[in-house]
1. Give all pairs with beta carbons closer than 6 Å in which a residue from the range 288-308 that is over 16 Å from Gly76 (Cα atoms) meets a residue that is surrounded by fewer than 21 Cβ atoms within 10 Å (Cβ to Cβ) and not small (Gly, Ala, Ser); count only pairs at least 6 apart in sequence or on separate chains.
2. Being open to solvent by 20 Å² or more (accessible area, probe 1.4 Å) and aromatic (Phe, Trp, Tyr) narrows it down to one of Trp173, Trp144, Trp169, so name that one.
3. Residue check: is Leu209 closer than 16 Å to Phe360 by Cβ, assigned to a loop (DSSP other than H, G, I, E, B) and of a type outside the set (Val, Ile, Thr)?
4. Consider Thr152 carefully, then state whether it is at pLDDT 95 or above and under 15 Å from Trp278 (Cβ atoms).
5. So, in the range 336-347, of the ones that are at pLDDT 95 or above and either among the polar types (S, T, N, Q) or assigned to a helix (DSSP H, G or I) (or both), which residue ends up surrounded by the most Cβ atoms within 10 Å (Cβ to Cβ)?
6. For Ile221, only one of the following conditions fails: (1) closer than 22 Å to Arg353 by Cα; (2) more than 20 Å from the chain's Cα centre (by Cα); (3) not polar (S, T, N, Q). What is its number?
7. Only one of (1) under 19 Å from Pro188 (Cα atoms); (2) open to solvent by 20 Å² or more (accessible area, probe 1.4 Å) is not met by Val309, so which one is it?
Amino acid sequence: MGKNDGFSIDRRGLLSTALKGAAGTAVAAALPPVLAAGMSGPAMAQASQITVADPGGPYSPAFRKAFYDPFEKATGIKVVNVAREAEPTAQFKAIVETKSYSWDVCTLTLSARDILTRQNLLEPLDFVAADAPGLMPDALTGQWMGTDVYSTILGYRTDKFPSNPPQSWADFWNVEKFPGRRSLRKNPIDTLEQALLADGVPLDKLYPLDVDRAYKSLDRIRPHIAAWWTGGAQSTQLIQSGEVDMIALWNARAQAAIDGGAPVKISWNQGLYSIEGWGIPRGNPRADAARKFIKFCADPQRQAIFTEVLAYGPTNLKAYDDIPKERAQALPTFPENLKTMTIAREDWWGANRSKMSERFNAWILG
């Protein structure tokens with residue numbers, strides 16, 4: 001996850017765009033040399049290769065092992081993976097509008113999916129839930145299939161709280177019972193929800209967000225926030241170093257601190273999860289092969305493999321039949337974790353994101 005300006009609109013801090021501007025520039029940045037040819041004629045009828053845009057970093061080797069190589073072996077269709085930009089919607093739009101299909105499949109968060117769906121930029125999948133028993137209902141639409149789940153959770157230092165640790169956002173807000181240095185994300189996304197949960201709003205009654213109530217709650221905790229983080233790596237460093245004792249952060253960032261040997265634990269209670277998955281640029285000449293690949297990625301045994309490297313949950317819950325129990329407990333969709341959380345409502349944020357960012361910006365500076 002890259003750096004951002006602190007007020008970006010995606011749930012994981014990836015700056016979305018208005019999907020305007022120089023389409024040719026975006027395509028030029030995305031176009032791998034290997035696809036300079038083969039865009040017409042027989043190549044359109046039968047694809048021997050597809051290009052998949054993933055987030056890069058640890059995703060690429062994890063998905064290579066779980067999806068890309070096994071798909072090549074099963075179908076004979078070569079998979080070339082490229083690292084997409086942090087927020088791919090502008091590139092995605094450019095690819096469709098110029099018909100320069102440098103990607104055949106791309107990972108999309110829910111917010112990116114919704115933007116592209118509204119603009120009719122996604123190819124239909126021709127894939128229904130019955131094709132993938134065990135797939136979470138929220139992980140499939142007519143144009144997109146989710147493959148991994150991430151969550152915003154409460155992380156705390158066990159050396160600071162060896163017994164009776166904070167287990168809710170109300171505990172995080174309770175500075176008398178749980179004294180210590182705290183950190184929240186410098187962004188309204190998740191932070192407003194946490195403020196409402198701290199104020200007693202039930203998890204299943206969060207949306208639509210009562211924004212005025214959220215800010216009254218934030219006013220109470222503000223003097224006790226030692227650091228407002230703006231990037232995932234920073235959040236890991238804050239809790240790993242002991243600069244703060246408790247923090248709201250993404251589960252994989254907390255897990256990185258744990259894997260690094262820090263005395264850190266995750267409380268999944270009242271977590272907010274979201275889903276990332278595959279979409280196909282509309283009009284893609286290799287759409288049939290791309291659809292075949294996406295269906296392949298729904299397989300629970302395939303999904304179990306990426307969890308060996310990535311601390312994200314599989315969307316096909318049957319994958320837990322093949323994930324060791326110790327590892328399973330560190331993942332968002334492990335049944336015991338999932339039942340204590342709720343999915344973040346990207347539809348609400350899609351309608352309110354701009355004014356929420358403006359208000360938060362003014363509040364944080366005020």
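The values are calculated or read from the model by the stated rules, or taken from the named source; none is laboratory data. If you're wondering where the values come from, they're calculated on a predicted model, not measured in any experiment. Neighbour counts run over all protein chains shown; Cβ positions are idealised from the backbone, glycine included. Ligands, DNA and RNA are excluded from the accessible area calculation, which covers all protein heavy atoms including side chains. Shrake-Rupley method; radii C 1.70, N 1.55, O 1.52, S 1.80 Å.
1. From the range 288-308, the pairs are Pro300/Lys318; Gln301/Asp322; Ala304/Asp322; Ile305/Lys65.
2. On the way: Trp144 fails: open to solvent by 20 Å² or more (accessible area, probe 1.4 Å); Trp169 fails: open to solvent by 20 Å² or more (accessible area, probe 1.4 Å).
Only one candidate passes the filter, namely Trp173.
3. Numbers: closer than 16 Å to Phe360 by Cβ: yes; assigned to a loop (DSSP other than H, G, I, E, B): yes; of a type outside the set (Val, Ile, Thr): yes.
Yes; evaluated as a whole, the condition is true for this residue.
4. On the way: at pLDDT 95 or above: yes; under 15 Å from Trp278 (Cβ atoms): no.
It is false that Thr152 is at pLDDT 95 or above and under 15 Å from Trp278 (Cβ atoms).
5. Going through the qualifying residues, I end up with Asn337.
6. For Ile221, the failing item is (1).
7. (1)
To keep it simple, each residue is scored yes or no on (1) touching an Asp or Glu at 6+ places or on another chain (Cβ under 8 Å); (2) among the charged types (D, E, K, R); (3) over 18 Å from Ala226 (Cβ atoms).
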site: Glu123; (1), (2), (3): no, yes, yes
site: Pro133; (1), (2), (3): no, no, yes
site: Leu140; (1), (2), (3): no, no, yes
site: Thr147; (1), (2), (3): yes, no, yes
site: Ile153; (1), (2), (3): no, no, yes
site: Lys160; (1), (2), (3): yes, yes, no
site: Ser168; (1), (2), (3): no, no, yes
site: Phe178; (1), (2), (3): yes, no, no
site: Arg181; (1), (2), (3): yes, yes, no
